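Report on one structure; see the data block that follows.
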Amino acid sequence: MLLELISLVWTAAVPMMDITLSFEESYPYHMAAEERETVTPVRLLRISWHKDEQCTYTGVMVPYVRDWEEVVHYSNHEEVRPPEPNKTEGQGIILTKKLCEGKAPESVFRVASTKVFTSNVTSSVL
């Protein structure tokens, strides 16, 4: 009983401690081989239940390819996906500045990636 209670409290508390960021606007994925050197400036908004912690993060988004083997684990087997260096796998996101109202800009270093599912990036969790 105590373990279930601790688990419930932990499950409820983690989203409040997490930093969730969402893109302020839609950004195009750069999928074609000739676009792989593209650097797109991005702005993300921190989603927080604390009104005084709603900040904006700025940085860049860049395409990447997967030039390594990837092991995908399924419930009853695993699959080894070979490298695909000629195919854009996703977008890397590098954030370098945190801007909060009423505070001086702060240098940060946050990274994340998002897989390519559509032609535009509209939201993400970092």
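Tell me, what is the FRET efficiency for E69 and T20 to the nearest 0.05, using R0 = 25 angstrom and their Cβ-Cβ distance as r? The value I calculate is 0.20. Between L45 and K103, the modelled label-to-label distance comes to 1.8 nm, taking each label 7 Å out from Cα in the direction of the beta carbon. Computed across the range 20-121, the Kirkwood hydrodynamic radius from all distinct Cα-Cα pairs reaches 15.5 Å. Scoring 90-98, 60-68 by mean Cβ neighbours within 10 Å over their residues and listing the highest first yields 90-98, 60-68.
None of the figures in this text is laboratory data; all of them are computed from the coordinates on show. Worth saying up front: this structure is predicted, and the values here are computed from it rather than measured. All Cβ positions, glycine included, derive from the backbone under ideal geometry; neighbour counts span all protein chains shown.
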